[in-house]
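Got a structure here, written out as structure tokens. Questions coming.
Please treat every number below as a calculation from the coordinates, not as lab data. All values derive from a computational prediction rather than experimental measurement. Note that each Cβ is placed from the backbone with ideal geometry, even for glycine, and that neighbours are counted across all protein chains shown.
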Amino acid sequence: RGTSAMYSYEDCKATADWLLAQTSVRPVVGIVCGSGMGGLADMLKDQVAFNYKDIPNFPQSTVHGHAGRLVFGTLKGRPCVCMQGRFHLYEGYAIQKITLPMRIFSLLGVETVILTNAAGGLNQDFKVGDIMIMKDHINMPGFAGNNPLAGANDDRFGVRFPCMSDAYDRELQQLAVDVGQELGYGDFLREGVYCVLGGPSFETIAECRMLHKLGADAVGMSTAHEVIAARHCGMRVFALSLITNKAVMDYDSEEKANHEEVLETGQHRAIQLEKLVSTMVTRMEYN
Ligand code: 6GU
């Protein structure tokens, strides 16, 4: 952490301009693919893809299940940009690196960001394979001072103290419900509150019980940081959690959280999650 991880407006602009010079796609929607959900990027037509390692200022992702590519293209004619693989606190990145892509999205012209993640279910009504529309988040690292907006504020991105009570766009949540119903996903489409932790260790039983009592329906290691940065610079946000496993809530349970289970469930529901997101994109209104 600290000033060395800060990217200036000029740094972000340089990266955005570098990208814009290499593709004619002018994205209005930015998508972030969670673990096992990288197939979303493969749905884009007329792709122009960049490996993260080739993009100036871009961090690289280190986790299995994350490809590490930025893909430009169109979804039924709508210009999009898609992160295939994201950055996490548990990889050791400074939080400003994790959220840098959101500022670049904004400078590319993106108006709406759609984020997906794999999460553990805390809500006892949730089943493995449920898709949860995020209606809010609890930013635990933020409570400890690790917020992507900590440090000097540049007003060209946004205000010093941004509002978060409207972080998750209500119209987009309704659109997801409507599209989900039409696609026949009603039985496994939920809504709830996502709690982000630093990871990489999964939660203890006591931690899961605590988070549930505090009002969290799902727990994960991503998304909320990106949402904060995206809202700061005025983009509309929509996010989905795929419930890949149930958080362990009692001492008699035989279950153990593991990354393989997370990726497996991802594969099973990925097609439907991708269909939901792509249909939403083709139905959204643009300025
Ligand atoms: Cl159970 N916990 C966390 N922190 N992240 C997860 C998860 C659980 N399942 C998928 N991602």
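Counting each DSSP H run of 4 or more residues in the chain as -39500 (n - 2.57), what helix-only mean residue ellipticity at 222 nm follows after dividing by all residues, to the nearest 500 deg cm²/dmol?
-9500 deg cm²/dmol
Over the alpha carbons of region 1-138, what is the largest minus smallest coordinate on each principal axis, giving the biggest first in Å?
48, 42, 27
Next question. Are there trypsin sites (Lys or Arg not before Pro) in region 89-166 that DSSP marks as loop and that have at most 10 other Cβ atoms within 10 Å, and which are they?
Loop-located and lightly packed - Arg160.
Can you put Val113, Val248 in order of Cβ neighbours within 10 angstrom, beginning with the fewest?
Ordered by Cβ neighbours within 10 Å, fewest first: Val248, Val113.
Another question about this same structure. Along the charge dipole of region 228-271, pointing to its positive end and built from +1/-1 on Cβ of Lys, Arg, Asp and Glu, which listed residue (Ile243, Ile228, His259) has its Cα farthest out?
Value computed over the given set: Ile228.
Multiplying the sequence separation of Lys76 and Glu10 by 0.36 nm and subtracting their Cα-Cα distance, what value in nm do you get?
Between Lys76 and Glu10, full extension yields 20.5 nm more.
Another one. Given R₀ = 35 Å, what would the calculated FRET efficiency be for Glu260 paired with Thr282, taking r from the Cβ atoms and rounding to 0.05?
0.55
In terms of the Cα gyration tensor, with a ≥ b ≥ c the square roots of its eigenvalues, is region 158-202 rounded because a/c is under 1.5, prolate because a/b exceeds b/c, or oblate?
oblate
Any chance you could list the semi-axes, whole Å, largest first, of the equivalent ellipsoid that the Cα gyration tensor gives for region 104-155, using √(5λ)?
After scaling each eigenvalue by five and taking roots: 28, 19, 8 Å.
If packing is taken as the average number of other Cβ atoms within 10 Å across a peptide's residues, how do 250-259, 70-79, 23-32 rank, most packed first?
Ranking, from highest mean packing down: 23-32, 70-79, 250-259.
Let me ask something else about it. Under a Cβ-only charge scheme (Lys and Arg +1, Asp and Glu -1), can you give me the dipole magnitude of region 165-283 about the Cα centre, in debye to the nearest 20?
About 380 debye.
Here is a follow-up. Provide Rg over Rh for region 207-287; use the alpha carbon set for both Rg and the Kirkwood Rh (inverse mean inverse pair distance).
1.04
Taking the Cα centre of the chain as origin and charging only Cβ (+1 Lys, Arg; -1 Asp, Glu), how large is the dipole, in debye to the nearest 20?
700 debye
Which residues in region 98-129 have a backbone N closer than 18 Å to a point placed 7 Å from the Cα of Asp17 along the Cα-to-Cβ line?
103-110
Moving on to the next point. Dividing the Cα radius of gyration by the Kirkwood radius, what Rg/Rh value follows for the chain?
0.94
Considering the chain as a Gaussian network with a 10 Å cut-off on Cα pairs, which listed residue, Gly36, Gly184, Gly68, attains the greatest mean-square fluctuation?
Sorting by GNM fluctuation, first place goes to Gly184.
More than 24 angstrom separation, counting every C-alpha pair in region 125-258; what % is that?
36 percent
Out of Gly215, Gly151, Gly192, any idea which swings most in a Gaussian network model of the chain, alpha carbons joined below 10 Å?
Maximum fluctuation in the GNM of the chain, among the listed residues, is at Gly151.
Sticking with this structure for a sec: Would you mind checking which residues have amide H under 5 Å from Asp130's amide H? H placed 1.01 Å from N; only 5 or more apart, or other chain.
Amide H neighbours of Asp130, under 5 Å, 5+ apart: Ile243.
Turning to a different aspect of this structure: Beta carbons within 10 angstrom, averaged per residue: use that to sort the peptides 198-207, 136-145, 275-284, highest first.
275-284, 136-145, 198-207
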